[in-house]
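Okay, so here's the structure we're looking at.
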Amino acid sequence: MERTLVNDRHSGGLMIKKLFIIGLIILTLSFLGMVAFFLWRQLGNPGRLLRFREYMKNPAARAEWTSKAGAQCAGAPFIFPTDGLIGFLWGDSFRIGHQHQGIDVFGGSTNGKTPVMAAYDGYLTRQADWKSSVIIRIPDDPLQPGRQIWTYYTHMADEEGNSFISEAFPPGSREVFVKAGTLLGYQGDYSGDPNNPVGIHLHFSIVKDDGSGHYLNELEFLNTYDPSPYFNLALNGKSNKDIVPVCQ
């Protein structure tokens, strides 16, 4: 009986080891699958990435790749909000589990030099603690009348948080009417962490309304809309893998 008990314990120990090894293999394969998916997403737009890197080395030499502030592409409802190369699109992935909520436009100049303007008429809010951001409420979506949307503009400060937002919109501003083309501020590289500047650019996104007159959390991809039809440009990173969109 004692010998049988020892054998049972030995068999049980082997079974636990086998289950542990199987679990470890499953976890390893899952991790490798996630890495492969991430690399596929990153390498899926080599044309845009190569052009972006080339542009950042010498922006003046690649003016044909840049979009112009105030340009309205082929009758699109929005005007383009700033000058620069559209480096990253809605839906691009920078890390596993992340999707970009808007577009990033790189002016190719120094901090606080490239103007940012309102893309459409609306009512501007700047929360009291916002150093680099404003959000504009558009009561009537030009593409879906009756639906309210919000346009969000950020990184308008330097890496230390010194704001480049227009003095017309001090912290705490609420429901200030602005027309399309109104100067909002200037491109910067504020990220919230002085040790991690993000490169001088404008991040622009179109944010969903919660149904009660408030904007949803812009950091969540599902809370944003594809900006492509608002600018009549190929701004969806899922479908545009190779072309740098240009509006001049």
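The values are calculated or read from the model by the stated rules, or taken from the named source; none is laboratory data. Source: prediction; values computed, not measured. Cβ placement follows ideal geometry from the backbone for every residue including glycine, while neighbour counts extend to all protein chains displayed.
General remarks:
- Any hit, the range 176-185, residues being touching a helix residue (DSSP H, G or I) at 6+ places or on another chain (Cβ under 9 Å) and charged (D, E, K, R): no
- Residues that are in a strand (DSSP E or B) and either in contact with a Lys or Arg (Cβ under 9 Å, 6 or more places away or on another chain) or not assigned by TED's automatic domain parsing to the domain that holds H214 (or both), drawn from the range 87-124: G87, F88, W90, G122, Y123, L124
- Residue ID - nearest to F52 (Cα to Cα), chosen from residues in the range 195-215 that are surrounded by fewer than 16 Cβ atoms within 10 Å (Cβ to Cβ) and at pLDDT below 95: G199
- Residue within the range 136-143 that is closer than 19 Å to C247 by Cβ, in contact with a Pro (Cβ under 8 Å, 6 or more places away or on another chain), of a type outside the set (G, A, S) and crowded, with 22+ Cβ neighbours inside 10 Å present: no
- When the range 203-248 is filtered for residues that are in a loop (DSSP other than H, G, I, E, B), in the same structural domain as R126 (by TED's automatic domain parsing) and of a type in the set (S, T, Y), only S212 remains.
- Residue within the range 93-116 that is of a type in the set (A, V, I, L, M), touching a Leu at 6+ places or on another chain (Cβ under 7 Å) and either surrounded by fewer than 24 Cβ atoms within 10 Å (Cβ to Cβ) or more than 12 Å from P245 (Cβ to Cβ) (or both) present: yes
Yes or no, residue by residue, for (1) over 24 Å from S109 (Cα atoms); (2) over 20 Å from the mean Cα position of the chain (by Cα); (3) in contact (Cβ under 8 Å) with a residue 40 or more places away in the chain:
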site: P170; (1), (2), (3): yes, yes, yes
site: T182; (1), (2), (3): no, yes, yes
site: Y190; (1), (2), (3): no, no, yes
site: V207; (1), (2), (3): yes, no, yes
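- Among the residues of the range 84-121, those that are at negative phi and over 17 Å from the mean Cα position of the chain (by Cα) comprise S109, T110, N111, K113, T114, P115, M117, A118, Y120, D121.
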